[in-house]
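Heads up: the structure comes next, in structure tokens.
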Amino acid sequence: MSSRLGTFTRYTNYPGSKRTCRECHGLADRVAGTRGAPPVSAPRSRHFSGTPSTTNYGNAPAAEEPKPPKPRSRERERPETSKQQRAMPSIRALKRLADSRPPPPQPASAAAAEEEESPPQHSSCSSSSPPWPAPSPAYPLRDFPGREAAALCGAFRDNVRWLLSRWGPVPAPVPSAADAAASPARRAFLADDRARAVVPIVAVEVLAASSPAPLCELCRCAGWSHHWVSKRRYHFIIPADANWDQHFGTDVLLGRDDHLLHGLIHSNGFGHLVALRGREGGSTSLSGRDLMDIWDRLCSALRVRAVSLVDLSRKHSLDLRLLLGVVNGETWFTRWGYCLARGSFNVSPATYAAALEALAFLHVDHLRSRHVRRVVTVYRRLSNKPLTSVREFLRCLLDWKHHEPPLSPPPAKQCPWLPFLPPKPCPMKRQVQPRQGQQCKRFEDAVDLAHCRFSKSRLLHAAEVVVAKLLEHGNDAEMTRQALRDASRGDIGDTGLLDFVIKSVGDTIVGNHVVRRLPNATTRILQFSLEECEEPVQMDVEVEHPSPEARWAGGSVDVERDLRAVYRAMVKALSEAAQAVLDCKHWVKCWGLGDESDDQLRFLAEWQPQPWEADDLTRPVPAGEIVVVPLHTSIGELLVEAEHALRDTYCFFEEFHAEKLDGITGEKWDPVVLGGAESGDTIGVHGHGADMETGLRCEGGLDAWEVRCVCGAQDYDGERMVVCDMCGVWHHTRCVGIEDSVSVPPLFLCILCGGELMGPILKDALVT
């Protein structure tokens, strides 16, 4: 318990915060499920010392505090300080004594006026002290955001307010002008008993009307540019490990890019996962899976509607969305329910699935790399599997990587009393040839490991010719090297190829025969002969699966290097399919209404514009806002709730007044359940007061972007684009031949405009 308390004190008790040491201990006790000795009640004050031993709750000098009653439990009692130590004042106590001097007396009239203006105080604190801030709650890491939050049944805009009202404020420096758009940050703590750490999570509410960037660029990339601009945005941030004890302003906190977790959710329930950095990003206590679990549970508890993300994850120069997609058929985020939203450059989900299948079932022999062929041969021996497809081979490499033994196993310890006995080898299955225990390998495997200028097909054909000549000479007869060379010379014209095969074919298996090359006992001349290839004999073993050290005893391999080599060879073999997979980086997870989990009615209130309002709209009307009402709600009450939901969520409906509903029949006092609408339906809301003049209408802005690229894309997908200076249509720079490293030319004409402009000029040039 002492180590746990020390961990909590490190991250929660620091200069600037108004939590005392006892409150930190109480926080740790609540998380651990125990309770320490009750603290002594004392009046609270704004003055606070960061040293627990000299904490003073009043405006007087530090004095000796009354001792708390001894606990009746068997816990170890804390050592008491001596009287001399308690009597000696510290420097901080002297400073508090200087600050606690009473102010100069004021005139009676001014004091009376001040008493009339100040509200009455009902606490034990003095009238000059501010209200004591609520402490930040602590949740178990794997139970966040708690059982109460998991039972929420309202819309996101109401659930997030309820949750943040229970979090404590974050002590911050003097706010700057950039912090005006954001309310004070709220904070909670996540306690991890396994890692013995307390992780802070911070929530910042930003008002779109006063924000310097009211439009969301992430919504445009996700295909939500037609969504109405939400009034509020909520940023949920887990800072980097080095920033857990520091206080930043809101603008500094939102401007940093080193957070372990950064999520953004609009008040309409649509959000984005901005950043996620696990142990590869510098986290010491939270892995990427832990952070993703925290984010997913938070979104599920608050009833978020949809969350998008851009998968750009890389590891050791490998794109994980391509590597894991080929190996598992899905990306890393798929395990949390994320699916492909849309692909860049007009790549459809069907094209994405076909590209993954083509890459996964590509035969390894089609990987044109000499190093990869050698790697395939080595891992086939180590795994005793054929490893024919790229998916099987990459899975084998990842399995070896996750269970990678040391490349040089430590030497076995010998018994000090019997140093002459060698260590007992690990029993394992191995193949043994029947002749003198000498092992033979297949000729094609030897070719893969050899460095020569001849192709594999030519080498195999030459070896078959050599074996055929030996069979013609006799199965048990022997031929000298010169005789075998002269016999094969008629079928193999390249003497260099023939000499290389004769030199390498000895003690190898070609077809169903073993080619033996042995010197004659008397003449010492090399002679070649054939033997029938029998099935290998499996030796008896004690354990069926050998240890990794024994399996790696044949030689050292570098799994990371081999994985990168196979990855590059796969991309080179099917470059178009690999590029199609890499272009699919926009993923989304959608949550349903969840109306089957309780007895509430949920509807989507969708605004129905007037004819003159529809003519002014440049984008389609987005999906409606969620409205949650009880079962006994009347149609009139549903109309009021729909109006409140639109006005409370979007800037566009600040002064909106609802008049009637579509999709429900009946009078205003009739129950909703009798109006013909069911929970989960979309109801149209007619009214007046929508602000058609505001610039905060759609997330994509008021300007209608016309995208008509040669790849077929008709909407902005987050890729680099260039606009035609003649027709104003946007195109991908990659599709028009402009490299990413090259700047956009000052004058650009698309194919259509360029053809219209250059057509008459070319015609005149051809006529003349």
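The values are calculated or read from the model by the stated rules, or taken from the named source; none is laboratory data. All values derive from a computational prediction rather than experimental measurement. Quick reminder, even Gly has a Cβ in these numbers, built from the backbone with ideal geometry, and neighbours come from all protein chains shown.
Residue by residue through segment 495-516, note down the ones that are out of contact with any helix residue (DSSP H, G or I) (no Cβ under 8 Å at 6 or more places or on another chain) and either touching a residue at least 40 places away in the same chain (Cβ under 8 Å) or farther than 12 Å from ALA463 by Cα (or both). Can you show your working first?
Looking only at segment 495-516, we keep the residues that are out of contact with any helix residue (DSSP H, G or I) (no Cβ under 8 Å at 6 or more places or on another chain), and these are 495-496, 503, 506-507, 512, 514, 516.
Listed by number, the residues that qualify are THR495, GLY496, ASP507, ASN512, VAL514, ARG516.
Which residue out of LEU323, LEU309, LEU382, LEU398 is assigned to a helix (DSSP H, G or I) and buried (at least 19 other Cβ atoms within 10 Å of the Cβ)?
On the way: LEU309 fails: assigned to a helix (DSSP H, G or I); LEU382 fails: buried (at least 19 other Cβ atoms within 10 Å of the Cβ); LEU398 fails: buried (at least 19 other Cβ atoms within 10 Å of the Cβ).
So the residue among LEU323, LEU309, LEU382, LEU398 that is assigned to a helix (DSSP H, G or I) and buried (at least 19 other Cβ atoms within 10 Å of the Cβ) is LEU323.
Considering every residue within segment 278-297, establish whether at least one is closer than 23 Å to PRO184 by Cβ, without any contact (Cβ under 8 Å) to a residue 60 or more places away in the chain and small (Gly, Ala, Ser).
no
I'd like the full set of residues that are farther than 12 Å from HIS266 by Cα and of a type in the set (Gly, Ala, Ser), limited to segment 197-212.
ALA197, ALA203, ALA209, SER210, SER211
Does segment 720-741 include one or more residues that are in contact with a strand residue (DSSP E or B) (Cβ under 6 Å, 6 or more places away or on another chain), under 30 Å from LEU593 (Cα atoms) and not β-branched (Val, Ile, Thr)?
no
Restricting to segment 721-746, name every residue that is of a type in the set (S, T, N, Q) and either modelled with pLDDT of 90 or more or over 30 Å from the mean Cα position of the chain (by Cα) (or both). Give the steps one after another, and end with the answer.
Step one: list which residues in segment 721-746 are of a type in the set (S, T, N, Q), which gives 733, 741, 743.
Answer for segment 721-746, where residues must be of a type in the set (S, T, N, Q) and either modelled with pLDDT of 90 or more or over 30 Å from the mean Cα position of the chain (by Cα) (or both): THR733, SER743.
Restricting to segment 198-222, what's the tally of residues that are modelled with pLDDT under 90 and in contact with a helix residue (DSSP H, G or I) (Cβ under 6 Å, 6 or more places away or on another chain)?
Number satisfying all stated conditions: 3.
Quick one: which strands (runs of 3 or more DSSP E) lie wholly within segment 179-274 and hold at least 1 residues that are among the small types (Gly, Ala, Ser) and touching a residue at least 40 places away in the same chain (Cβ under 8 Å)?
Numbers: elements: 186-192, 197-207, 232-238, 261-266.
Fully inside segment 179-274 and qualifying: 186-192, 197-207, 261-266.
Out of curiosity, is SER344 out of contact with any helix residue (DSSP H, G or I) (no Cβ under 7 Å at 6 or more places or on another chain) and among the hydroxyl-bearing types (Ser, Thr, Tyr)? Let's see the steps before the verdict.
Values: out of contact with any helix residue (DSSP H, G or I) (no Cβ under 7 Å at 6 or more places or on another chain): yes; among the hydroxyl-bearing types (Ser, Thr, Tyr): yes.
Taking the combined requirement at face value, the residue satisfies it.
To keep it simple, each residue is scored yes or no on (1) surrounded by fewer than 18 Cβ atoms within 10 Å (Cβ to Cβ); (2) assigned by TED's automatic domain parsing to the domain that holds ARG256; (3) among the hydrophobic types (A, V, I, L, M, F, W, C); (4) farther than 17 Å from ASP293 by Cα.
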site	(1), (2), (3), (4)
SER183	yes, yes, no, yes
ALA188	no, yes, yes, no
ALA191	no, yes, yes, no
ALA195	yes, yes, yes, no
VAL206	no, yes, yes, yes
ALA213	yes, yes, yes, yes
LEU218	no, yes, yes, yes
CYS221	no, yes, yes, yes
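Looking only at segment 271-302, count how many residues are within 20 Å of ALA151 (Cα to Cα) and not small (Gly, Ala, Ser). Spell out the reasoning first.
Our first condition is that a residue be within 20 Å of ALA151 (Cα to Cα); within segment 271-302, this holds for 293-302.
Narrowing the set further to residues that are not small (Gly, Ala, Ser) leaves 293-299, 302.
Residues meeting the conditions: 8.
Can you find a residue that is at pLDDT 50 or above, within 41 Å of the chain's Cα centre (by Cα) and polar (S, T, N, Q) anywhere in segment 425-441?
Let us first name the residues in segment 425-441 that are at pLDDT 50 or above, namely 439-441.
Next, from what is left, pick out any that are within 41 Å of the chain's Cα centre (by Cα): none.
No, segment 425-441 contains no residue that is at pLDDT 50 or above, within 41 Å of the chain's Cα centre (by Cα) and polar (S, T, N, Q).
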